[in-house]
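Asker: Once you've had a glance at the structure underneath, I'll fire off some questions.
The values are calculated or read from the model by the stated rules, or taken from the named source; none is laboratory data. No experiment lies behind these values; they were computed from the predicted model shown. Methodologically, a virtual Cβ is constructed for each residue, glycine included, from the backbone with ideal geometry; neighbour enumeration extends over all protein chains shown. Just so you know, the surface numbers come from the protein's heavy atoms only, side chains and all, with ligands and any DNA or RNA stripped out. Shrake-Rupley method; radii C 1.70, N 1.55, O 1.52, S 1.80 Å.
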Amino acid sequence: MPGSWTWRSPGFVDRCLSWLDAPLGRFEAELKQDLRRSEVLGADESPISPAGERGYAYTVRATGLTWYGAADNRGHATLDGFGILPGYGGVLIRDDYVGYHKYDTHLAGVQLCCAHLLRDLQGVIDNAPGQDHAAWATAAQQILRKAGQAVEQAHAAGHTTLHESEHTRIEKEFLNAARCGISVNPHSGGKKPKARQLAERLLGKAHQILRFTRDFTPGLTWTNNASEQALRDIKVKMKVSSCWRGLTGARRYLRIRSYLTTTRTHGLTAMRAIHDALTGTPWLPPATGGPPREMDTCQALESRQPSIMPKMTLS
């Protein structure tokens with residue numbers, strides 16, 4: 001059909017992705033260094049299926065910076081191997097997955113994702129045998145939501161903290177709700193009920209759950225929604241194409257996505273960012289690669305392809 005793209009084989013598409021991925025090593029290294037210099041990071045992971053096998057996609061992000069990676073597990077060695085969280089000294093927004101706990105000793109603090117906790121509390125409410133067993137979870141949800149609203153209003157008003165009395169009130173009400181959850185879910189032996197496990201976690205980690213009420217560091221939020229949203233498009237790709245053919249392809253795709261996502265937040269179009277990478281000068285994060293480049297008119301890709309890149313034509 002005149003004006004339409006010629007069909008290209010999966011192998012051709014794979015080679016194109018390889019050409020785009022090849023020059024991004026320095027970008028990824030400097031991106032990781034900039035993330036480690038950030039005051040606040042959000043980290044999350046999600047299952048993927050490379051070649052039908054179990055795997056995980058990861059993201060670590062800060063304001064204006066997003067890194068993606070992949071591995072076949074989510075153990076300590078894998079998290080260390082990404083080279084971002086070991087020794088990091090800022091505040092980490094995360095869920096309560098045990099793999100992240102080892103980094104707590106080096107961190108300035110942890111903000112547990114309250115969106116996860118709201119969902120966990122809703123599970124208690126939905127499965128409670130009666131209202132008396134659900135009341136504490138309902139109260140804990142309301143306290144977290146109202147605290148989130150209070151902090152958002154304080155930020156909007158230009159305040160740098162909540163009033164001490166307000167923070168004390170929120171903390172007291174939250175701890176009381178958790179204690180109620182423990183009292184209505186007694187445990188005398190065997191496996192603890194899930195509701196009691198959650199109540200004990202809320203009580204023992206209240207300082208990490210409520211950090212957002214006393215720490216107004218820019219970028220620190222009461223949920224990890226931004227990191228979850230960063231992984232959402234990857235889940236969409238899985239639904240469309242079922243899976244990657246292997247971890248190598250997944251890692252390549254995710255490094256390219258790191259590049260395009262981060263450059264977009266710094267004002268570059270995808271076409272300009274791709275052009276710069278293919279011509280050997282990929283965009284670099286401002287802290288180590290200079291300020292973002294001005295968006296001058298980008299010449300057509302065909303006129304400046306590197307020698308390894310075949311000319312792509314329309315039919």
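Asker: On the basis of being over 23 Å from the mean Cα position of the chain (by Cα) and part of a helix (DSSP H, G or I), does HIS133 make the cut?
Answerer: Taking the combined requirement at face value, the residue satisfies it.
Asker: Same structure, new question: Of the numbered conditions (1) of a type in the set (A, V, I, L, M); (2) more than 18 Å from GLN208 (Cβ to Cβ); (3) at pLDDT below 95, LEU162 fails exactly one; give the number of that condition.
Answerer: Against the list (1) of a type in the set (A, V, I, L, M); (2) more than 18 Å from GLN208 (Cβ to Cβ); (3) at pLDDT below 95, LEU162 comes up short only on (2).
Asker: Provide a single number: the residues in the stretch 200-238 that are open to solvent by 60 Å² or more (accessible area, probe 1.4 Å) and assigned to a loop (DSSP other than H, G, I, E, B).
Answerer: So the answer is 3.
Asker: Then there's this: Of the numbered conditions (1) modelled with pLDDT of 90 or more; (2) part of a loop (DSSP other than H, G, I, E, B), MET309 satisfies every one except a single condition; which is it?
Answerer: It is condition (1) that MET309 fails.
Asker: Could you please tell me which pairs satisfy a Cβ distance under 9 Å, a separation of 6+ or placement on different chains, a first residue in the stretch 62-78 that is in contact (Cβ under 8 Å) with a residue 40 or more places away in the chain, and a second residue that is part of a loop (DSSP other than H, G, I, E, B) and surrounded by fewer than 15 Cβ atoms within 10 Å (Cβ to Cβ)?
Answerer: Between residues of the stretch 62-78 that are in contact (Cβ under 8 Å) with a residue 40 or more places away in the chain and residues that are part of a loop (DSSP other than H, G, I, E, B) and surrounded by fewer than 15 Cβ atoms within 10 Å (Cβ to Cβ), the close pairs are ALA62/GLU39; THR63/PRO218; ASP72/GLU53; ASP72/ARG54.
Asker: Next question, about the same structure. For the stretch 42-61, state whether one or more residues are closer than 26 Å to PRO282 by Cβ, open to solvent by less than 40 Å² (accessible area, probe 1.4 Å) and part of a helix (DSSP H, G or I).
Answerer: Looking for residues that are closer than 26 Å to PRO282 by Cβ, open to solvent by less than 40 Å² (accessible area, probe 1.4 Å) and part of a helix (DSSP H, G or I), one finds at least one in the stretch 42-61, hence yes.
Asker: Another question, then. Give me the residue from the stretch 181-199 that is open to solvent by 70 Å² or more (accessible area, probe 1.4 Å) and outside any loop (DSSP other than H, G, I, E, B) and, out of that set, farthest from VAL124 (Cα to Cα).
Answerer: SER183
Asker: Output the residue which, of all residues in the stretch 103-138 that are of a type in the set (D, E, K, R) and under 22 Å from HIS207 (Cα atoms), is surrounded by the most Cβ atoms within 10 Å (Cβ to Cβ).
Answerer: So the residue we want is ASP120.
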